[in-house]
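Accompanying notes for the structure given below.
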Amino acid sequence: MQLGTRWSLGATPPEGLPEVVLIALQAVEGDLAALPDDTSGWRWTLTWLEGNPVIELDDGTVIRFDPKEDSATITQPAVVVDDEDDWI
């Protein structure tokens, strides 16, 4: 049985994650660094599902590992833009 964990955005991820998952984490964190939002309190949550890591960020971004393809998929939450100028 593997236990999950939490760690702060930008901190060193736990050991034992596949290389492609680490690359995906770096990509997400790199994208967030360019945003003006304050992400200093955000944390990652690691859960092991059937022996595979599933990682979720506080904003709803999820990274899933596919061992058959040795790939990581990043799913980001939908962004809703309320633009009052579009009302008819």
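May I ask you to list pairs of residues, at least six apart or on different chains, whose Cβ atoms are under 7 Å apart, with the first in the range 1-28 being part of a loop (DSSP other than H, G, I, E, B) and the second being among the β-branched types (Val, Ile, Thr)?
Taking only residues 6 or more apart or on different chains, the pairs are 4/45; 4/47; 9/39; 14/5.
Tell me, please, whether a residue that is open to solvent by 50 Å² or more (accessible area, probe 1.4 Å), at pLDDT 95 or above and on the phi > 0 side of the Ramachandran plot can be found in the range 74-88.
No.
Can you name the residue in the range 33-65 that is among the hydrophobic types (A, V, I, L, M, F, W, C) and open to solvent by 80 Å² or more (accessible area, probe 1.4 Å) and is also farthest from residue 9 (Cα to Cα) among such residues?
Top of the filtered list is 49.
Give me a count of the residues in the range 29-39 that are of a type in the set (D, E, K, R) and part of a helix (DSSP H, G or I). Quick ask: steps written out before the conclusion?
Taking the range 29-39 and keeping what is of a type in the set (D, E, K, R), we get 29, 31, 37-38.
So of that shortlist, the ones also part of a helix (DSSP H, G or I) come out as 29, 31.
Matching residues across the range 29-39 total 2.
Can you spot a residue in the range 40-50 that is more than 20 Å from residue 4 (Cβ to Cβ) and of a type outside the set (A, V, I, L, M)?
Checked against the condition, which is being more than 20 Å from residue 4 (Cβ to Cβ) and of a type outside the set (A, V, I, L, M), the range 40-50 yields at least one hit.
In the range 4-41, what residues are in contact with a Leu (Cβ under 9 Å, 6 or more places away or on another chain) and not small (Gly, Ala, Ser)?
Selection gives 5, 6, 7, 9, 13, 14, 17, 25, 28, 29, 32, 39.
The values are calculated or read from the model by the stated rules, or taken from the named source; none is laboratory data. This one's a predicted model, so the numbers in the text were calculated from it and none came from an experiment. Glycine gets a Cβ as well: all are built from the backbone with ideal geometry, and neighbour counts include every protein chain shown. When the accessible area is computed, the model is the full protein with side chains, heavy atoms only, and any ligands, DNA or RNA have been set aside. Shrake-Rupley method; radii C 1.70, N 1.55, O 1.52, S 1.80 Å.
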